[in-house]
Ligand code: UDP
Ligand code: UDP
């Protein structure tokens, strides 16, 4: 064997994976979790493309934490081309970052080609897919997508372009929105459950990205998902059998993902005054945990109703509250936000915090009895893994689709008629309080959540479906 051949053999047995993540903690955290799972084994080399400055402070903190925890991971700095934000007035800052990344994507080529050891595979985010796949193909490098939502959502993204084409071919009127989408082999998603921008096919930011990515994704080498077979058997089978889109790439359901820190950091005692310390003092399964993800701003009026509802429920609660989409801009005073007296009235019984919490760890605390959530997919899976019943109150994006899985997977309830971002209707504190009481005392939901947590544990244990899927994925990386 020549030296070159030996080098190739070594690279094949020890693949080098370059991760190209997107932005928003809901996108970064699942990347970090997969990166940690791979970094904890010895047979894969890892690089992570890093764009600074990040949109939010939480992203910057967590990126720094990742490289500190795993010094062997290579950080590949990436200089974003400037984007003129005035092109998209009023756009969500995270969506603007996705667009900026997409427009800078041609610069990923030299990064991939120039890396040493040779990059054997790229793993990217759904928001960048239509730009990254062609680049990887040209360089003859595998391209996988770490899809950060559920398998049902993946089937929707894959099917929407087919749905639009078949409508156009049949001469059916298309627009202004996508319409109800009947995903073959999965389920019918009514238009009211689709991400809001899909109601406007002329939307040049999200909707265009969504459809372009959906068209290109069939050319990926595989999809990694934070779900497991027992949770979404129908959607996973339909994707794998080519019912959604013929010849769909392999789908690796490897969830629930583990926290990227819990595997390495030793458990510290809870700091005095922290939410953890407060939970330590509460009865088992008594606390309502409330959080709406890292980038949802609920209106002030609605926040007050949530406060009133939690107060009326009578249960202890821990509420992680955000008033702006981007954390750096959140300088509101809790007292002003929640109105006179609430914080005093619930002192000791309710904790409200605006800071970043380790949600994954909090949900595993034995005092937590349910989770009132927007139903972001990471949150759903964290609840599933902790066996905490969910009350899903979707607000935007994929969250209503996720809520269908919350119900079909038996991990909680869905407040189906509660308002969605852009709908003005206020959900009253009275309604919220009643629904919280209903879920807290629902033994059927609790028993199903307990069963699902067992199935989740079985899936990731040696020999389980998720365990085997991850091995298959690593096997594919080595097959270059
Ligand atoms: N998260 C957290 N602490 C916070 C806010 C958010 O740990 O203070 C985590 C949460 O556990 C989840 C992610 O951020 O892993 C948010 O993702 P999700 O898909 O639930 O919702 P998104 O923020 O994307 O809407
Ligand atoms: N998504 C997609 N293709 C895209 C952009 C987004 O499939 O080009 C999906 C992805 O699953 C995402 C969901 O649409 O989670 C909803 O996006 P949203 O605007 O709510 O942002 P996110 O909550 O993911 O930050």
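Any read-out appearing in this document is the output of simple, stated calculations on the displayed coordinates, not a laboratory observation. For clarity, every value in this text was computed on a predicted model and none was experimentally measured. Cβ sites come from the backbone with ideal geometry, for glycine too, and all protein chains shown count toward neighbours.
One-quarter of the Cα convex hull surface for the stretch 201-322, in nm²? Walk me through the numbers on the way to the answer.
Values: hull surface 50.8 nm².
Spelled out: convex hull of the Cα atoms, projected over all directions, averaged, 12.7 nm².
For the stretch 380-432, the calculated P(r), taken from all Cα-Cα distances in 5 Å bins from zero up to the bin holding the longest distance, is 5, 20, 28, 22, 16, 8, 1 percent. Against the empirical 2.2 N^0.38 Å (N residues), the stretch 214-263 has a Cα radius of gyration ratio of 1.29.
The distance separating the Cα centre of the stretch 316-373 from that of the stretch 61-79 comes to 29 Å. Expressed as a whole percent, how much of the Cα-Cα distance distribution for the stretch 310-419 exceeds 15 Å? Percent of Cα pairs beyond 15 Å in the stretch 310-419: 67. Given 25 °C and 0.890 mPa s, compute D for the stretch 416-466 with the Stokes-Einstein relation, Rh being the Kirkwood radius over Cα pairs; round to the nearest whole µm²/s. Answer, rounded: 177 µm²/s. Against the chain, whose longest principal axis comes from its Cα atoms, helix 377-386 is set at around 70 degrees. Over the C-alpha trace of the stretch 1-146, radius of gyration and Dmax come out as 15.9, 60 angstrom. The P(r) of the stretch 139-241 has a tail past 20 Å containing 40 percent of all C-alpha pairs.
Computed from Cα positions, the angle between helix 206-216 and the longest principal axis of the chain comes to roughly 40 degrees. Relative to one another, the C-alpha centroids of the stretch 396-456 and the stretch 130-167 are positioned 29 Å apart.
Once C-alpha pairs closer than 8 Å and six or more residues apart are averaged by separation and normalised to the residue number of the stretch 179-220, the relative contact order reads 21 percent. Rounded to whole Å, the principal axis extents of the Cα atoms in the stretch 33-107 read 46, 27, 17, largest first.
The share of Cα pairs per 5 Å bin across the stretch 58-213, counted from zero up to the longest distance, runs 1, 7, 14, 17, 18, 16, 12, 8, 5, 2, 1, 0 percent.
A convex hull fitted to the Cα coordinates of the stretch 375-480 yields 104 cubic angstrom per residue. Against the chain, whose longest principal axis is taken from its Cα atoms, helix 151-169 shows a tilt of about 70°. When only Cα pairs below 8 angstrom with a gap of at least 6 residues are kept, the stretch 355-480 shows a relative contact order of 22 percent. The orientation-averaged shadow of the Cα convex hull for the chain, equal to a quarter of the hull surface, comes to 23.1 nm². Take every Cα pair under 8 Å whose residues are at least 6 apart in sequence, average their separation, divide by the length of the chain, and the relative contact order is 15 percent.
Counting beta carbons within 10 Å around each of 228, 32, 206 and listing the fewest first gives the order 206, 32, 228.
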